[in-house]
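Read-outs throughout are calculated quantities, based only on the coordinates presented, and are distinct from any laboratory measurement. Nothing here was measured: the structure is a model prediction, and the numbers come from that model. With ideal geometry, Cβ positions are generated from the backbone for all residues, glycine too; neighbour counts draw on all protein chains shown.
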Amino acid sequence: MIVRNHERIHADEENLCQKCISELEDLYSYLDLSTEELDLLDMPRRSFTVHFPVHMDSGKTKMFVGHRVQYNDARGPTKGGIRFHPELTLDDVRDLAFLMSLKCAVVNIPFGGSKGGVVVNPKELSRTELERLTRSYIRAIADYIGPSRDIPAPDVYTDEKIMAWILDEYERIKGEHVPAVVTGKPIELGGSKARSYSTSLGGILVLEEALKTKGMDKSDVNIAIQGFGNVGENAARILHERGYRVVAVSDSKGGIMNKDGLDIPNVIKHKNDSGSVIDFEGSENISNEELLTCECDILVPAALSEQLNKDNARDVKAKIVLELANAPTTIDADNVFSEKKIMLIPDILANAGGVVVSYFEWIQNLNNDYWEENRVLEKLGKTMVNSFKDVFSLCEEENCSMRKAAYQLAVKRILHAERLRGNL
Ligand code: NAD
C-alpha cells in the first residue's frame, strides 16, 4: 500500500514513488480522509505473482517470475504498462499501479490503474527467447486481463513489437480477434495514429494553457529541454514547428545552446548522424547542469528523475517547469519553486498524453473504427486542455501547488466513483 515503508524500489521510478508517497501522506491528512477512504486507497484490488516456464535457446527450460497489480478499477478497467526488468518487485509494481490510477483520474479518462512485468534482463535474451517469454507470461495472466478488465501497454524495456506478440498470444487463447486487449500496438495491428509523439504533444498543449494564464506569448519565451530521446526530441520538434524558440537541448553526452534559437530539424539530423546533439554548428556546447540553470523562460526536464534538486533549484531561472520526465524534481526543489513562484506543471499531468492516446486506441479497437490523425489530435487537445483547467482552478481555489492540486483531484475522483458504487 502506498503509505508504507519501502525497502527497495529501483530505477528511474525510485524517486517518483517515494515523492508521491510523501506528498500523498500530506494530502491525506489535509483532506481529512476517513479510515474507510484511506483503507480503500491503500490496497490494490488484485495483486498477483506468476511463475512460468520458458524454453531457452540452449534447449533447457527456465522458470521466470511475473507480477501484475490491478490497483483500483472504480472508474473503469485498469490500464498500465508491462515492464521487463531484472530488479522488478511486487512492491514496485504496486506503487506504479497506484500512480497509474491517479494519472488516469487526473486526465479524467475512464480507466483505473495497473502495472505488471517480468523479472528479467531482456538484454540477455535472444529475440526468440524474448518472444517465448512474452507469450508464456501472457498465458499465465490471460484469465485476468482483457478489454473490459485490464489493458497492458509498453513500459520500461517493452515496445510495440512485444505488444504485437501479446495481442497474438491473447487472441490464440481466446480464438477470436481482441485488439483492445493491449495498446501501443503497431498501427497495422490496430495501434493509434499519433501515439508515438503523444506524450510530448500532450505536455505542450498543457504548457500553452499555462502560458495563457501568465499572459506570456510564444514570441516572448525561450525554452530549454533536457533529454533528446523519444519525449525530449519530439517536444523540441513540435515546439519548433509551432513557432517556439528552443534555445538549449541536451542528451547524456551534454548540451548545446544558441540564444537566438536552435534549428531543431538540423539538430535532429546532426544527432542521427553523430549520435549526440553536442558540437552542433552555430551553437555553444554546455553541460547538462548549465542547461538546467540557463537563461530561459520554460525549462522542460525530459530525461531522468531527480535532475532538479536542492543543489540547483535556487539557480533555476525559468518561470515555468514542464515535467515531461517522471519525477525530475525532488521535494526540496519543489519547495524552492513554490517559494520563487515558479509554476511547476507536474508529471502526472504533463506527461499523461501517452495514456490519453492509449485510451483512444482502445476506443478505436472496440468500435473497429480507425481515426485520422487530426481526429486523434483534436481529442487529445480537448482532454489535455480540460485537464489543465481542472487542475489549475483547484490550485487557485486551494492556493496550493499544481502537483498537490493534481493529486487531490485524482484522489477525489476515485473516491467519488467508489461512493457512487456504494463501496463507501
Ligand atoms: P529515452 O530513453 O528515449 O530518452 C532519454 C533521453 O535522456 C536520451 O536522449 C538520453 O541521452 C538523455 N539522457 C540520459 N541521461 C541524461 C543526463 N544525465 N542528462 C541529460 N540527458 C540525459 O526516454 P523517453 O521515452 O524519452 O523518456 C524520458 C522520460 O520521460 C522518462 O522519465 C520517462 O519515464 C518519461 N516518460 C516517457 C513517456 C513515453 O511515452 N516515452 C511517457 C511518460 C513519461
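Taking amide hydrogens as placed 1.01 Å from N in the peptide plane, the amide H of Arg83 sits under 5 Å from those of Gly116, Gly117, Val118, each at least 5 positions away in sequence or on another chain.
When only alpha carbons are used to place a centre, segment 145-189 and segment 351-400 end up 21 Å from one another. The phi-based Karplus calculation (6.51 cos²θ - 1.76 cosθ + 1.60; θ = phi - 60°) puts the 3J(HN,Hα) values of segment 408-424 at 4, 4, 5, 4, 5, 5, 5, 5, 4, 4, 5, 5, 4, 7, x, 8, 10 Hz, whole numbers, x for Gly and Pro.
Cβ neighbours within 10 Å, averaged per peptide: list 367-373, 409-415, 125-131 in order, most packed at the top. Before the final figure, lay out the partial values.
Details: 367-373: 11.6, 409-415: 21.0, 125-131: 15.0.
Output ranking for 367-373, 409-415, 125-131: 409-415, 125-131, 367-373.
Backbone geometry of segment 281-292 corresponds, through the Karplus equation with coefficients 6.51, -1.76 and 1.60 at θ = phi - 60°, to 3J(HN,Hα) couplings of 4, x, 10, 9, 6, 9, 8, 4, 5, 5, 4, 5 Hz, x marking Gly and Pro.
Straight-line reach from Lys60: taking Cα to Cα under 14 Å and skipping same-chain neighbours fewer than 8 places apart, the aspartates and glutamates in range are Glu129. Sorting the segments 226-239, 352-365 by their residues' average number of neighbouring beta-carbon atoms within 10 angstrom, most packed first, yields 352-365, 226-239.
Using a cut-off of 29 Å between Cα atoms, the listed pairs Lys185/Lys253; Lys103/Lys319; Lys123/Lys310; Lys123/Lys271 include Lys185/Lys253; Lys123/Lys310 as exceeding that distance.
How long are the three semi-axes of the equivalent ellipsoid of segment 144-270, in whole Å, if each is the root of 5 times an eigenvalue of the C-alpha gyration tensor, listed from largest down? Walk me through the intermediate numbers first.
Numbers: eigenvalues 280, 56, 24 Å².
Semi-axes, largest first: 37, 17, 11 Å.
Listed values for segment 48-60 are Karplus-derived 3J(HN,Hα) couplings in whole Hz (6.51 cos²θ - 1.76 cosθ + 1.60, θ = phi - 60°), namely 8, 10, 10, 10, 9, x, 9, 7, 8, 4, 5, x, 8, and x replaces Gly and Pro. Over segment 320-421, the ratio between the Cα radius of gyration and 2.2 N^0.38 Å evaluates to 1.25. Its alpha carbons give segment 114-168 an Rg and a Dmax of 11.0, 34 Å.
The C-alpha atoms of the chain define a longest principal axis, and helix 230-241 lies at about 40 degrees to it.
Taking amide hydrogens as placed 1.01 Å from N in the peptide plane, the amide H of Ser47 sits under 5 Å from those of Gln70, each at least 5 positions away in sequence or on another chain. Taking a quarter of the surface of the Cα convex hull of the chain gives a mean projected area of 20.7 nm². Within the same chain, aspartates and glutamates fewer than 8 places from Lys174 are excluded, and of the rest, those with a Cα less than 12 Å from its Cα are Asp143.
Of all the options Leu344, Leu33, Leu211, the one that moves most in a Gaussian network model of the chain with Cα springs shorter than 10 angstrom is Leu33.
Close amide H contacts of Asp251 (hydrogens built in the peptide plane, cut-off under 5 Å, sequence separation of 5 or more or a different chain): Gly227, Val277. Taking only the Cα atoms of segment 197-345, the radius of gyration and Dmax are 13.9, 43 Å. Calculated mean residue ellipticity at 222 nm for the chain: -14500 deg cm²/dmol, from DSSP H runs with n ≥ 4 weighted as -39500 (n - 2.57), summed, divided by the residue count and rounded to 500.
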